[in-house]
Amino acid sequence: MTDLAETTPKTPRQPQRRGSSPAGGSIGAAVWELVQVVGLALLMVILIRNFVQNYRIDGISMEPNFHDGQFLIVNRYAYCPGINIEIPVINKPLFQKTWCVRQPKRGEVIVFVSPQDSEKDFIKRVIGLPGDVVEVRSGEVFINGQRLPEPFGPYPGNYSAGAVTVGEGEVYVMGDNRNNSSDSHVWGTLSEKRIIGKALVSYWPPRYWSVVPHYDLNTAAGQAAAGDTTG
């Protein structure tokens, strides 16, 4: 008599790891994939925030060229950028480093930390550079004794401000709405260390969408600087 147990091939058993199950493995893989996606998203946010920053205009100090509630994108790498990596949500710094690409130019529109309140950011136009003597006479701006051409069409002021010499590492800034702007004619020159960046693009509301024009006020005609809208 043949022993059936000896002639029927045995089906090999699949090895199983202790403490694991197919369901548990799937959940673990899904969690790890989610962690990777979230980590990549946070890294992208950190990198983008170090290159550009959005800014909402609050007030009328830059009328008629920029308006209350208008949104801009600011190029943080235009002048003296820095890497400032922070932990999102708690904003705890991990790494900080600053270096300089170039100095601001007269006529450029910049966003900076207010010298009077570090919790506020301002937007103004660069008027005076290091070594300049800036003076306002009955609303007209003079640089080193020469009347400054202003092709951007500011709302003129009716005040006068005594001559101020712009020091090294400083700029003299003014709002385009001269009678309604807290700027260098009120609180003095601005340290370049407070500059966040250069206004690059207006993106909201849609009717204001445009590349922000920057004017070369070093020329006699004061025409818009060709090709100088991205740096």
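Read-outs: derived from the displayed coordinates by stated rules, not from any lab. Please read all numbers here as calculations on a predicted model, not as lab measurements. Counting neighbours? That spans all protein chains shown, and the Cβs are built from the backbone with ideal geometry, glycine included.
This ranking places Asp68, Asp117 by how few other beta-carbon atoms lie within 10 Å of each, fewest first, which gives Asp117, Asp68.
In this structure the amide hydrogen of Gly167, modeled in the peptide plane, comes within under 5 Å of the amide hydrogens of Gly131, none closer than 5 places in sequence on its chain.
The residues Val126, Val101, Val164, when put in order of fewest to most other Cβ atoms within 10 Å, stand as Val101, Val164, Val126. Here the residues Arg125, Arg147, ranked from fewest to most Cβ neighbours within 10 Å of their Cβ, fall in the order Arg147, Arg125.
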